[in-house]
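Below is one structure, written out as structure tokens; the observations come after it.
Each reported figure results from applying straightforward, stated rules to the coordinates on display, with no laboratory input. No experiment lies behind these values; they were computed from the predicted model shown. Here the Cβ is made from the backbone with ideal geometry for all residues, glycine too, and neighbour counts use every protein chain on show.
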């Protein structure tokens, strides 16, 4: 099994990419059409950052407009897309028509239940390459909620899928030990963090990213 990936979301400047790359992040999330997101970017900004070096860029979006997403993909050269909203399997299928594109579909857990549970098989048939499990906020907010998932709930969802999976939701170096069974799972592909990679001022922190890599990929 390859070493788990560390994905950090919300980069907005070349300096972010340089810091994250130096700290060992494998993937960096570039937000596009993330409603109300603190790091939402324009199409031109995504294109510029995708070509600025650093960790492999991932286009993170709530958009269900497959044509619009593919336009950004082609302009930027990004080869990973993370569908973070409630996009249906048909959007995954449309995106997978693009040669060489990796599609990550987020699965949203509310409490111990998965909102997309009835669609898991359909997402796989549509061509989803990887799932990402994240928590829904108390007000229905998606992404960067800081809410930690229950390990048993994560494993229950994973048992109904056959794809690799990433874990998100309030992760830090300190709580890696709470997910020993997840980390040992043969399809565990890595973690996705935002606030866990930042200091108390909201800036990316090299030491925190290094700590995440040590704690979660050991």
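In segment 108-116, is there at least one residue being touching a residue at least 60 places away in the same chain (Cβ under 8 Å), under 14 Å from the mean Cα position of the chain (by Cα) and crowded, with 17+ Cβ neighbours inside 10 Å?
no
For a quick check of your reading of the model, give me the residue pairs whose first member lies in segment 14-28 and is in contact (Cβ under 8 Å) with a residue 12 or more places away in the chain and on the phi > 0 side of the Ramachandran plot, whose second is outside any helix (DSSP H, G or I) and buried (at least 16 other Cβ atoms within 10 Å of the Cβ), with beta-carbon atoms closer than 7 Å and at least 6 apart or on different chains.
Close Cβ pairs (under 7 Å, with a partner that is outside any helix (DSSP H, G or I) and buried (at least 16 other Cβ atoms within 10 Å of the Cβ)) amount to 24/6.
Output the residues belonging to segment 93-104 that are free of Cβ contacts under 8 Å to residues at least 60 places away in the same chain, part of a strand (DSSP E or B) and out of contact with any helix residue (DSSP H, G or I) (no Cβ under 8 Å at 6 or more places or on another chain). Reasoning before the result, please.
To start, the set of residues in segment 93-104 that are free of Cβ contacts under 8 Å to residues at least 60 places away in the same chain comprises 93-103.
Those still in the list that are part of a strand (DSSP E or B) too: 102-103.
Residue satisfying the conditions is 102 alone.
Return the residue satisfying two criteria in turn: it lies in segment 170-201 and is free of Cβ contacts under 8 Å to residues at least 24 places away in the same chain and in a loop (DSSP other than H, G, I, E, B), and of such residues it is surrounded by the most Cβ atoms within 10 Å (Cβ to Cβ).
199
Name, by its number, the condition in (1) more than 22 Å from residue 196 (Cα to Cα); (2) surrounded by fewer than 21 Cβ atoms within 10 Å (Cβ to Cβ) that does not hold for residue 37.
For residue 37, the failing item is (1).
Between 217, 161, which is surrounded by 15 or more Cβ atoms within 10 Å (Cβ to Cβ) and over 17 Å from the mean Cα position of the chain (by Cα)?
Working: 217 fails: over 17 Å from the mean Cα position of the chain (by Cα).
That would be 161, the only listed residue that is surrounded by 15 or more Cβ atoms within 10 Å (Cβ to Cβ) and over 17 Å from the mean Cα position of the chain (by Cα).
Only one of 107, 30, 59, 49 is touching a strand residue (DSSP E or B) at 6+ places or on another chain (Cβ under 6 Å) and part of a helix (DSSP H, G or I); which?
On the way: 107 fails: part of a helix (DSSP H, G or I); 30 fails: part of a helix (DSSP H, G or I); 59 fails: part of a helix (DSSP H, G or I).
Going through 107, 30, 59, 49 in turn, the sole match is 49.
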